[in-house]
């Protein structure tokens, strides 16, 4: 779990910076290529993680191994190295691959109990994009169990505006306030 948190922090920080310099598309491509470099050369990762080798020597090795990469990516890898997190580089690249394989758009599921007008779907999508500050690739599913309203799932987050949830909340409140 700790590795995932570290990977997310480093990846998001790098991509936030890279958006304004080399662009998100190039940054995600380079991180994908970076994963291939480390996967195909496990000795490189061991070399970089060796405490008996000077930081300058490691940086020289990185400059040679990553000569085709942008300065931003090389500096990013050196930063990870400097903070002693080089073992997390594969997790960082995996995080980017999983969460940014479609560019900035992430998958979202819109559940509704009945078909919605296109304008309403677009309004919900825009509100959710504003809330999550990301573009969404919206998938729609009909679910009669909701009784009405909508439920949007983005990653691990569920925004539930369904009638079923409201009825359950009302039931809990009435049960809690029942006088014996």
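The values are calculated or read from the model by the stated rules, or taken from the named source; none is laboratory data. Note that this is a predicted model, so its numbers are computed, not measured. We place every Cβ from the backbone using ideal geometry, glycine too, and count neighbours over all the protein chains shown.
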Take residue 53 and tell me if it is out of contact with any strand residue (DSSP E or B) (no Cβ under 6 Å at 6 or more places or on another chain), part of a helix (DSSP H, G or I), in the same structural domain as residue 27 (by TED's automatic domain parsing) and surrounded by 12 or more Cβ atoms within 10 Å (Cβ to Cβ). no
Check whether at least one residue in the stretch 149-161 is surrounded by 11 or more Cβ atoms within 10 Å (Cβ to Cβ) and at positive phi, and report yes or no. yes
With the structure loaded, tell me whether residue 109 is over 21 Å from residue 61 (Cβ atoms) and either under 13 Å from the mean Cα position of the chain (by Cα) or surrounded by fewer than 19 Cβ atoms within 10 Å (Cβ to Cβ) (or both) or whether it fails that test. yes
Just the residues that are over 21 Å from residue 156 (Cβ atoms) and either in the same structural domain as residue 29 (by TED's automatic domain parsing) or free of Cβ contacts under 8 Å to residues at least 40 places away in the same chain (or both), please, taken from the stretch 103-139. 114, 115, 116, 117, 118, 119, 120, 121, 122, 123, 126
Is one or more of the residues making up the stretch 34-49 in contact (Cβ under 8 Å) with a residue 40 or more places away in the chain, farther than 14 Å from residue 86 by Cα and either touching a helix residue (DSSP H, G or I) at 6+ places or on another chain (Cβ under 8 Å) or not assigned by TED's automatic domain parsing to the domain that holds residue 84 (or both)? no
